[in-house]
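Participant: This structure is in structure tokens; I'll ask about it shortly.
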Amino acid sequence: MASPLEQFEIHKLVDFPDITLPLIGKVDLAITNSHVAMTIVFVAIVAFLAAVTSKAKVVPGRLQTIGEGVFGLIDNMTDSMLGHEGRKYFPFVFTIFTLILGMNLLGMMLTFTATSQLAITVTFALITFGLVMVIGVAKNGFGFLKLFWPSGAPLVMRPFVGLIELISFFLRPLTLSLRLFGNMMGGHVALKVFAGFVAAAAIGSLGAIIGPPVGIVSMAMVIALTALEFLVAFLQAFVFAILTCIYLNDVVNLDHAH
Amino acid sequence: MADPHGAAAPHGADATHATTAAEHGSGGGGVPQFQFEHWGGQIAYLLVLFVILYVLISRVFAPRMRKVLDERAGTIAGALDAAKRVQAEAEDQARAAAAEVAGARGQAQQLAAEARAKASAEAAQRTAAADAEAAAKVAEAEARISATRETAMGNVGAIAEDTAKAIVEKLTGKTASAVELKAAGGNA
């Protein structure tokens, strides 16, 4: 039987010779199943947004209502968290949200789950973290360091709390990437394991006595987990977007908040 | 996963990739996500897609969506304004109508009061006229009665004289003189 981890393997579909770039080093340009999944998600998002906005009417149709729902979800999020600066950062948060949501949902359609690749989640996390750093320094200069100086704490405690704040700040990309990666990978492994039991029971390799009950219970688990995974797919994209907003708010409104 | 790097990749690093493949690629065991030779391509591709999508959203989709939303908000606000204006207008009209009705009622009451007063005055006048007429008739009648009584009383002396004369003639056979009769009448 196939390993539950086999679904995460990268297969080269079209191979190109490697190229060597300065700074980065050797880059493998092969088109893999991961690339295909990302491309499908990208095309789907662009097609969806184009369909929603190209013939947008004041009185929306069904598709436009869905699109406006997603749009409004992120718009409210950036607005309420970043205040009047929210609109400026909306496209960034919306891009992250739609890409992650698209990849998560595509993973539910029996294909490759791009967000269960650590490389992908690390990239998302570093994009967010990098933007936070760039904005933090560009907007506040050295004032950026105020983020780590807990002015509310007693004076003796401040260096220690500040150190903890500093560490937790630099752990953000790690937690961001591992949360998404772990959720997506864990869910799909669990699904595959139970599906494997169903398959084993169906071909009779578990025996005639314990096979059927195990198969039935596993099938119920697969159905329940599938529903749960749809929820997780949305929730993890949402959580990533919210955390992006929170981290952005730290640096965008540094002077107001502290 | 038999050959992670293709046949046309004769670099030195291939050896490590080959061992990675030997360790992880044989099904079970390792986690495919930690085969780092696939990271570069995925990260680069995702960055490209991310930038393109970001540009598309910030330049095309978000402005379009916002335009529609603003338009809708404008339409709704306009409709609400119009509704409020119409409502205020209707309230004004209702107030004007109520005032008109109140005025009309007051006028009607005044008219009615006037009519009542006029009617009662006329009635009083008519009553007074009738009273006066009746009083005049009564007075005339009384005057006539008293005149009749006067005449009657005036005739009483003559009648008494005639009666006395007749009685004297019957009793004495003599005709009493007018002087005697007068004296008798005066004494009687």
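Participant: Collect the residues in the range B:43-65 that are open to solvent by less than 30 Å² (accessible area, probe 1.4 Å) and not hydrophobic (A, V, I, L, M, F, W, C), keeping them in residue-number order.
Facilitator: none
Participant: Here is a follow-up. Run down B:Ala112, B:Ala99 and say which single residue is more than 8 Å from chain A (Cβ to nearest Cβ), open to solvent by 50 Å² or more (accessible area, probe 1.4 Å) and of a type in the set (Gly, Ala, Ser).
Facilitator: Going through B:Ala112, B:Ala99 in turn, the sole match is B:Ala99.
Participant: While we're here: Could you list, in sequence order, all residues of the range A:146-161 that are open to solvent by less than 80 Å² (accessible area, probe 1.4 Å) and hydrophobic (A, V, I, L, M, F, W, C)?
Facilitator: Listed by number, the residues that qualify are A:Leu147, A:Phe148, A:Ala153, A:Val161.
Participant: Answer yes or no as to whether B:Arg85 is open to solvent by 60 Å² or more (accessible area, probe 1.4 Å) and either within 14 Å of another protein chain (Cβ to nearest Cβ) or out of contact with any Ser or Thr (no Cβ under 8 Å at 6 or more places or on another chain) (or both).
Facilitator: Yes; evaluated as a whole, the condition is true for this residue.
Participant: May I ask you to verify whether B:Gly40 is open to solvent by less than 50 Å² (accessible area, probe 1.4 Å), farther than 26 Å from A:Phe71 by Cβ, part of a helix (DSSP H, G or I) and at the interface with chain A (Cβ under 7 Å from one of its Cβ atoms)?
Facilitator: yes
Participant: Quick one: which of A:Met38, A:Met77 is modelled with pLDDT of 85 or more, in contact with a Cys (Cβ under 6 Å, 6 or more places away or on another chain) and surrounded by 14 or more Cβ atoms within 10 Å (Cβ to Cβ)?
Facilitator: A:Met77
Participant: Continuing with the same structure: Being more than 8 Å from chain B (Cβ to nearest Cβ) and either of a type in the set (A, V, I, L, M) or closer than 30 Å to B:Gln42 by Cα (or both) is the filter here, so list the residues in the range A:42-58 that pass it.
Facilitator: Scanning the range A:42-58 gives A:Val43, A:Ala44, A:Ala47, A:Phe48, A:Ala51.
Participant: Filter the range A:56-74 for residues that are open to solvent by less than 30 Å² (accessible area, probe 1.4 Å) and within 17 Å of A:Thr244 (Cα to Cα) and give the result.
Facilitator: A:Phe71, A:Gly72, A:Ile74
Participant: Let me ask something else. May I ask you to list pairs of residues, at least six apart or on different chains, whose Cβ atoms are under 8 Å apart, with the first in the range B:44-62 being more than 7 Å from every other protein chain (Cβ to nearest Cβ) and the second being among the hydroxyl-bearing types (Ser, Thr, Tyr) and in a helix (DSSP H, G or I)?
Facilitator: B:Val60/A:Thr53
Participant: Sticking with this one: Does A:Val198 count as open to solvent by 40 Å² or more (accessible area, probe 1.4 Å) and assigned to a helix (DSSP H, G or I)?
Facilitator: no
Participant: Kindly provide the set of residues from the range A:110-128 that are open to solvent by 20 Å² or more (accessible area, probe 1.4 Å), farther than 19 Å from B:Val31 by Cβ and within 14 Å of chain B (Cβ to nearest Cβ), ordered by number.
Facilitator: A:Leu126, A:Ile127
Participant: Conditions first: (1) on the phi > 0 side of the Ramachandran plot; (2) touching a residue at least 12 places away in the same chain (Cβ under 8 Å). B:Gly173 passes all but one, so which condition is the exception?
Facilitator: Unmet condition: (2).
Participant: What pairs come out if I take residues in the range A:82-94 that are away from chain B (no Cβ under 12 Å) and acidic (Asp, Glu) and pair them with residues that are part of a helix (DSSP H, G or I) and surrounded by 14 or more Cβ atoms within 10 Å (Cβ to Cβ) whose C-beta lies under 8 Å away, six or more apart or interchain?
Facilitator: Filtered contacts from the range A:82-94: A:Glu85/A:Val252.
Participant: Same structure, new question: Mind listing whichever residues of the range A:1-24 are at pLDDT 70 or above, within 22 Å of A:Ala200 (Cα to Cα) and either surrounded by fewer than 19 Cβ atoms within 10 Å (Cβ to Cβ) or more than 7 Å from chain B (Cβ to nearest Cβ) (or both)?
Facilitator: A:Ser3, A:Pro4, A:Glu6, A:Gln7, listed by residue number.
The values are calculated or read from the model by the stated rules, or taken from the named source; none is laboratory data. For clarity, every value in this text was computed on a predicted model and none was experimentally measured. Note that each Cβ is placed from the backbone with ideal geometry, even for glycine, and that neighbours are counted across all protein chains shown. Note: areas computed on protein heavy atoms with side chains; ligands, DNA, RNA excluded. Shrake-Rupley method; radii C 1.70, N 1.55, O 1.52, S 1.80 Å.
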